[in-house]
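Right, one structure below, let's go through it.
The values are calculated or read from the model by the stated rules, or taken from the named source; none is laboratory data. Predicted model only: the values in this text are computed from it and were never measured. A quick note on method: Cβ atoms are made from the backbone with ideal geometry, for glycine too, and the neighbour counts reach across all protein chains shown. Just so you know, the surface numbers come from the protein's heavy atoms only, side chains and all, with ligands and any DNA or RNA stripped out. Shrake-Rupley method; radii C 1.70, N 1.55, O 1.52, S 1.80 Å.
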Amino acid sequence: LAKTTQPISMDSYEGQEVNITCSHNNIATNDYITWYQQFPSQGPRFIIQGYKTKVTNEVASLFIPADRKSSTLSLPRVSLSDTAVYYCLVARTGANNLFFGTGTRLTVIP
Amino acid sequence: DVKVTQSSRYLVKRTGEKVFLECVQDMDHENMFWYRQDPGLGLRLIYFSYDVKMKEKGDIPEGYSVSREKKERFSLILESASTNQTSMYLCASSTQVQVWEQYFGPGTRLTVT
């Protein structure tokens, strides 16, 4: 089972780049890595997904090294509205081996 | 806009009561999921369903059951609620293949007294 481990919390000042790393040492060949963002009183929201190397969209970048045992979510120039809990998920088709991490609470400071 | 709705945002029930939490999705997704979310424990999968009338246990199925009679609707049932089931319950859905891209409802905060 591809259990995931994330830091519990992080603080960052506005305008800085934030990198949140997730460890998934037992990731399988057919697992995909996804990151979610959750604001208070809302369900998590999908933000980015990848399999290997680097993926970038309008919200974030995702870096996955060749061994895929970890992944790093990068948020460029964070603002106060990026304060949220960020979860990584490792999953494959079939849904019987998906695992959410415990989440990283990011606090952006003015 | 894709949508997953849950029947209640807040629910208060007494110990021993039977509790139904309902979830509806409008994206014609094959997969539906029920999670509970507790401080420090993240999201834990209770049950998921990959088709009508089909279900699989997740990591913490004890004390829960589920029902999926229609593709768009997935219900979580607490047969006899207990105080340790006080939690935030989240429903999600995904396509059959892209299990990693899930769409979540707003959650139901259940308190069992």
So, in segment A:26-65, exactly how many residues are in contact with a Ser or Thr (Cβ under 8 Å, 6 or more places away or on another chain) and among the polar types (S, T, N, Q)? 3
Residue within segment A:76-84 that is within 19 Å of A:P40 (Cβ to Cβ), within 12 Å of chain B (Cβ to nearest Cβ), at pLDDT 95 or above and part of a strand (DSSP E or B) present: no
In segment B:93-111, the residues that are part of a strand (DSSP E or B) and either in contact with a Gly (Cβ under 7 Å, 6 or more places away or on another chain) or open to solvent by 10 Å² or more (accessible area, probe 1.4 Å) (or both): B:Y103, B:F104, B:R109, B:T111
Hey, could you check segment A:56-106 for residues that are hydrophobic (A, V, I, L, M, F, W, C) and free of Cβ contacts under 8 Å to residues at least 12 places away in the same chain and say which is most open to solvent (accessible area, probe 1.4 Å)? A:F63
If A:N19 satisfies every condition in (1) outside any loop (DSSP other than H, G, I, E, B); (2) more than 12 Å from the chain's Cα centre (by Cα); (3) more than 28 Å from B:W34 (Cα to Cα) but one, which is the exception? (2)
Just to be sure before I move on: is B:D51 open to solvent by 10 Å² or more (accessible area, probe 1.4 Å) and either in contact with a Cys (Cβ under 7 Å, 6 or more places away or on another chain) or closer than 24 Å to A:N30 by Cβ (or both) in the structure I sent? yes
